[in-house]
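Here the structure comes first, spelled out in structure tokens, and everything after it is commentary.
The values are calculated or read from the model by the stated rules, or taken from the named source; none is laboratory data. Note that the coordinates shown come from a computational prediction; the quantities given were computed from them, not determined experimentally. Positions of Cβ are backbone-derived with ideal geometry, glycine not excepted, and every protein chain shown enters the neighbour counts.
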Amino acid sequence: MPECRRGGTDVNGDPLGQAQHLIGQVSKHVLGALDGGRRALGRQLDAFAGIVPKTTAHLAELTRLTNAAGRFASMAMNARNSDDDTAGRLSEQEMVKLESEFLKLPVEEQKAIVDYATLKFLENKKIKYKGRSTSLKKLTEQYFEEEKVWERGGNRDTMTEDEENFQYLDAMPANEIRKEAPKQQLRPEEEQALELECMAQGEYNQGFWGGRQYTFGLFARPQQVKEVLEKKWSQRLPHAVMNNPEYWNDILMNAHNMELTLMVVPSKRLSIPQYQRRYGELLRKGLEQEGPSKQDRRELNRLVTMFDPSILRGRLPWVSGSRILPDTQMIFSTLPKGELAIEVINPAPLKDQHPTFMGILKSPKLTYSVFDMFLGNSPIDAQARQEAGTAMLYLANGFKMEYDPLNPYHKVVGEPPRFDVEEVDRRAIQFSIDPRSKKGRMLLGDGSPRAS
């Protein structure tokens, strides 16, 4: 069987190389010789314009077309009256002979040859794409080159390049968006266009001069926060809402509906065994209050063993000995069914950062317990909890997180008070001297003095 290469149906070997030129000349005539050939051209467009041998089915189809090309080449060479092997234009007699030979073939062979001729015709067909003239073959090659770049996740503005084509991101789980792709630097305006907004930032400090251990941020989708909380909690007094345990429970129960995400960044080298014991015990207590099943307990054990130093040591760039390096980014993202996806990014310059996907914990109760440590009754940082609750209530009432200069309730720290606007009498003002006054006064249109 002749060799074929990726991206098209070009084949190696003689006489197929000569047949390339012949097929380009006679494809229109072959299609015209069949009843409905021109209509078949349109039907074949979708089937053959972008065919690439990615699967077994595509390879089988390509083999069939390659064999058809061989039969077509043999027929074309037999139809020539001259002994010259160079490819050239067929005469009318040669064309008639070729078509008659073609029509004698079985229907299946005719179809295979027509498919191949159609494909070659379509590959060279000139079209306009984004205002430029190109061929379907070049467009197909360009598409798969861009697809490689897309799969790498770099050099493309993945959020704002073409808004209509990226609507599916709204419904895509967080762990599937640019999975294992290298990170890219965002411009400030691109960063503002991202869909997850920071609800609050906080830190964990250890007493007796232990200092700051780590900082964290809580993120969510503003529109989904509004959809979840608006009906029940909007148009209510803020202090009454913030002191209502049911409000915080609604946030925790609907964490997956607003894609609540936690990012933890160590400020110093943290001992993995110490934090395994501490947070393993905290999560176990929180989980027991929710009435866990065997599956929930299994997932908690999975979470604890994910950060086992004996497994991580020497294998990952964000672990040194039995400690997590400072500036490591640990991301805990909720998924649509209440699962928790965990990803860790090593501390390094942006070009050298690589994510480690730790896994997905399939336990909504465990997800609740994780965020309960930050938004529950005994939060790690009470001020951060208050800020997150206030921000979510702010969104529930229809406000946006960005500063809006047109909103009179938005103030910038240190901004001077706004000027009051003085209403001027609508009557025409005339500047004239009042003869009754030695100093002179400004008179209004009706001659009465203006009130000072």
Mind listing just one residue for me: the one in segment 204-223 that is in contact with a helix residue (DSSP H, G or I) (Cβ under 8 Å, 6 or more places away or on another chain) and at pLDDT 90 or above and, of those, surrounded by the fewest Cβ atoms within 10 Å (Cβ to Cβ)? Phe216
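Report those helices (runs of 4 or more DSSP H) wholly inside segment 86-157 carrying at least 3 residues which are modelled with pLDDT of 75 or more, over 24 Å from the mean Cα position of the chain (by Cα) and on the phi < 0 side of the Ramachandran plot.
The helices (runs of 4 or more DSSP H) meeting that bar are 107-123.
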If you go through Arg284, Arg323, the only one that is more than 32 Å from the chain's Cα centre (by Cα), surrounded by 15 or more Cβ atoms within 10 Å (Cβ to Cβ), free of Cβ contacts under 8 Å to residues at least 24 places away in the same chain and in the same structural domain as Ser369 (by TED's automatic domain parsing) is Arg284
Report, by residue number, each residue of segment 296-306 that is in contact (Cβ under 8 Å) with a residue 40 or more places away in the chain and closer than 16 Å to Pro273 by Cβ. Leu303, Met306
Residue match in segment 388-403 (condition: assigned to a loop (DSSP other than H, G, I, E, B), closer than 20 Å to His239 by Cα, modelled with pLDDT under 60 and not assigned by TED's automatic domain parsing to the domain that holds Leu218): no
Being buried (at least 16 other Cβ atoms within 10 Å of the Cβ), at pLDDT below 90 and outside the structural domain of Glu230 (by TED's automatic domain parsing) narrows it down to one residue among Leu406, Leu443; which is it? Leu443
